[in-house]
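Quick notes on the structure that follows.
The values are calculated or read from the model by the stated rules, or taken from the named source; none is laboratory data. Fair warning: this is a prediction, and the values are worked out from it, not measured in the lab. Cβ placement follows ideal geometry from the backbone for every residue including glycine, while neighbour counts extend to all protein chains displayed. Each accessible area value is taken on the protein alone, full model and side chains, heavy atoms only, with ligands, DNA and RNA left out. Shrake-Rupley method; radii C 1.70, N 1.55, O 1.52, S 1.80 Å.
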Amino acid sequence: MESSLRFELVVPCFNEMLSLHALIEKTVESAKSRNLNSQQFNLVLVDNGSADGTQQLLGNLKEGFFHDWFRVVRLDHNLGYGGGILAGLKATTAPIIGFTHADLQCDPADAIEAFLECQNLGEKVLVKGQRVNRNLADWLVSRVYELVVGVLWGFWCYDLNAQPKVFHRTLLSRLKPSPQGIPFDAFVLYSAQKDRFLIQVRKVSLRSRMFGES
């Protein structure tokens, strides 16, 4: 029987226990508002070696109302930011995949909209966020980071770490090997550009972090 799964969104979770219920609820609401069901869309939550009760909470949520909408990839040891995302991406099977953050600063609706845009533009497309409401200090740090990446890797892309990033799974084969730390986002974009993907931008608003620290 052919799977009807169209999109899987990977979310790395490291000690994000307080955000997870709201994250799942908001994501499901966004998917339903765009006429997606749990056979067409799934969250892939990567418990990246959390030590705050994330594992137990996800187990409890898996018994609850939203159980069909997500699955869990459990990593016994933290593999770093990029390592956690890549582990989740490797566990996907949908034709279109992507990732975003678990801290609720990034609206899950942006990832759903990026998917809808991506599926209408063909396989050689990556849709990424571009943050529009950052403070000056964070904005400057991002520009310096882009400059460093440009010098080291010979490519430039604005707002490298903005979420979400959504793309056809054919890009996944290009992500070997990948950096396990923060440069993972830049590496995904670098790989997409190298493979002649069209990088499409959609503007997103960054919200205040509700729980924990970045």
Hey, among PHE65, PHE14, PHE7, which residue is within 14 Å of the chain's Cα centre (by Cα) and modelled with pLDDT under 95? PHE14
Among the listed residues ALA137, ALA102, ALA111, identify the single one that is within 25 Å of ASN78 (Cβ to Cβ), assigned to a helix (DSSP H, G or I) and open to solvent by less than 70 Å² (accessible area, probe 1.4 Å). ALA111
Only one of these is under 18 Å from PRO179 (Cα atoms) and at pLDDT 95 or above: TYR145, TYR158. Name it. TYR145
So which residues in the range 1-41 are within 20 Å of ASP103 (Cβ to Cβ) and of a type in the set (S, T, N, Q)? ASN15, SER19, THR27, SER30
Of the residues in the range 160-183, how many are part of a loop (DSSP other than H, G, I, E, B) and over 15 Å from the mean Cα position of the chain (by Cα)? 4
Of everything in the range 146-166 that's open to solvent by less than 60 Å² (accessible area, probe 1.4 Å) and out of contact with any Phe, Trp or Tyr (no Cβ under 7 Å at 6 or more places or on another chain), which residue is farthest from GLU113 (Cα to Cα)? VAL149
Kindly check whether there is at least one residue in the range 193-214 that is assigned to a helix (DSSP H, G or I) and in contact with a Cys (Cβ under 8 Å, 6 or more places away or on another chain). yes
Of residues in the range 114-134 being within 12 Å of the chain's Cα centre (by Cα) and outside any strand (DSSP E or B), the one surrounded by the fewest Cβ atoms within 10 Å (Cβ to Cβ): PHE115
